[in-house]
Amino acid sequence: MFFDDDFGFRSQLVPHWEEMREELLNLDQDMFRLWPQRDMHNDLWFIFGLWVQGRRITANCDLCPRTAELAATIPGMKSAGFSALAPGAVLRPHCGPESDFLRYHIGLVVPPNCGGLKVGDETRGWEDGKDLCFDDHVEHTAWNDSDQTRVVFLVDFVKPWVTGSQDDTVDVADEGIEQILGEHFKDWYTEKPTETK
């Protein structure tokens, strides 16, 4: 299920995609981590996190200050960073663990004919400087058929219609963070959950 709603931030964020891409391209590839849920992909999905489940990753935000600044303006933002699918990557059909979140992408490095994202029965592709938003809790799959890496700016944010305090949402996410992300990202958790605008 894709969403075309602005959600109060999309039209303001997309014009800055080239600033994000510039910071992305200044990173070393070895700074990206393999996404730890390896049962859902073929070891070709990598992430560079700025926030993970409400925790600000200070060292990474310092390397990408403009992108971090922009991410912090997204209402209900809980996780944000760069998501890379290497050539030949396949994300097997899966459902995200949290039903209260939507997932948002802006294409930053999108090779020609690189593949797509299927959510439910609908498939869309990525483009440089274009965004898309979908319900991560609905079964979805993604792939990169090109011979180059595809990178997007990725954000998880609380569905605007979900009721309850932001702190409650953080608590629910925290209960499963070690199980979902494991020790793989533990050294990134440099700060406690923080509220975003």
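The values are calculated or read from the model by the stated rules, or taken from the named source; none is laboratory data. It should be emphasised that the depicted structure is a prediction, and the values quoted were computed from it without experimental measurement. Every residue, glycine among them, receives a Cβ derived from its backbone with ideal geometry; neighbour counts consider all protein chains shown.
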TODO: Give the residue that is surrounded by the fewest Cβ atoms within 10 Å (Cβ to Cβ), with candidates limited to residues of segment 93-105 that are farther than 13 Å from residue 154 by Cβ and in contact with an Asp or Glu (Cβ under 8 Å, 6 or more places away or on another chain).
DONE: 93
Open item on the list: Quick test for you: out of 21, 55, pick the one residue that is among the charged types (D, E, K, R) and within 19 Å of residue 132 (Cα to Cα).
Closed with: 21
- [ ] Report whether or not residue 21 is over 19 Å from residue 107 (Cβ atoms), touching a strand residue (DSSP E or B) at 6+ places or on another chain (Cβ under 6 Å) and touching a residue at least 60 places away in the same chain (Cβ under 8 Å).
- [x] no
TODO: Please list, ordered by first then second residue, the pairs with beta carbon atoms under 8 Å, 6 or more apart or interchain, first in segment 98-111 and among the acidic types (Asp, Glu), second in a loop (DSSP other than H, G, I, E, B).
DONE: 98/136; 98/137; 100/159; 100/162
Open item on the list: Looking at segment 1-14, can you tell me whether even one residue there is aliphatic (A, V, I, L, M), within 16 Å of residue 107 (Cα to Cα) and surrounded by fewer than 17 Cβ atoms within 10 Å (Cβ to Cβ)?
Closed with: yes
Open item on the list: Here are the criteria: (1) modelled with pLDDT of 90 or more; (2) closer than 24 Å to residue 161 by Cα. Tell me which single one residue 97 does not satisfy.
Closed with: (1)
TODO: Could you please let me know if residue 129 is at pLDDT 95 or above and on the phi > 0 side of the Ramachandran plot?
DONE: yes
TODO: Scan 66, 55 and give me the residue that is exposed (fewer than 15 other Cβ atoms within 10 Å of the Cβ) and either within 23 Å of residue 158 (Cβ to Cβ) or not aliphatic (A, V, I, L, M) (or both).
DONE: 66
- [ ] Could you check, for segment 19-37, whether at least one of its residues is farther than 21 Å from residue 149 by Cβ, in contact with a Gly (Cβ under 7 Å, 6 or more places away or on another chain) and surrounded by fewer than 21 Cβ atoms within 10 Å (Cβ to Cβ)?
- [x] no
Open item on the list: Give me the strands (runs of 3 or more DSSP E) completely within segment 114-162, filtered to those with at least 3 residues that are free of Cβ contacts under 8 Å to residues at least 60 places away in the same chain, ordered by residue number.
Closed with: 115-119, 140-144
TODO: Given the conditions (1) within 16 Å of residue 156 (Cβ to Cβ); (2) surrounded by 21 or more Cβ atoms within 10 Å (Cβ to Cβ), report the number of the one that residue 73 does not fulfil.
DONE: (2)
Open item on the list: Being assigned to a helix (DSSP H, G or I), out of contact with any Ser or Thr (no Cβ under 6 Å at 6 or more places or on another chain), surrounded by 20 or more Cβ atoms within 10 Å (Cβ to Cβ) and of a type in the set (Gly, Ala, Ser) is the requirement here; does residue 80 meet it?
Closed with: no
Open item on the list: So in segment 117-127, with the set limited to residues that are surrounded by fewer than 15 Cβ atoms within 10 Å (Cβ to Cβ) and not polar (S, T, N, Q), which one is farthest from residue 93 (Cα to Cα)?
Closed with: 127
Open item on the list: Restricting to segment 1-55, and then to whatever is among the basic types (Lys, Arg) and in a helix (DSSP H, G or I), can you tell me which residue is farthest from residue 137 (Cα to Cα)?
Closed with: 21
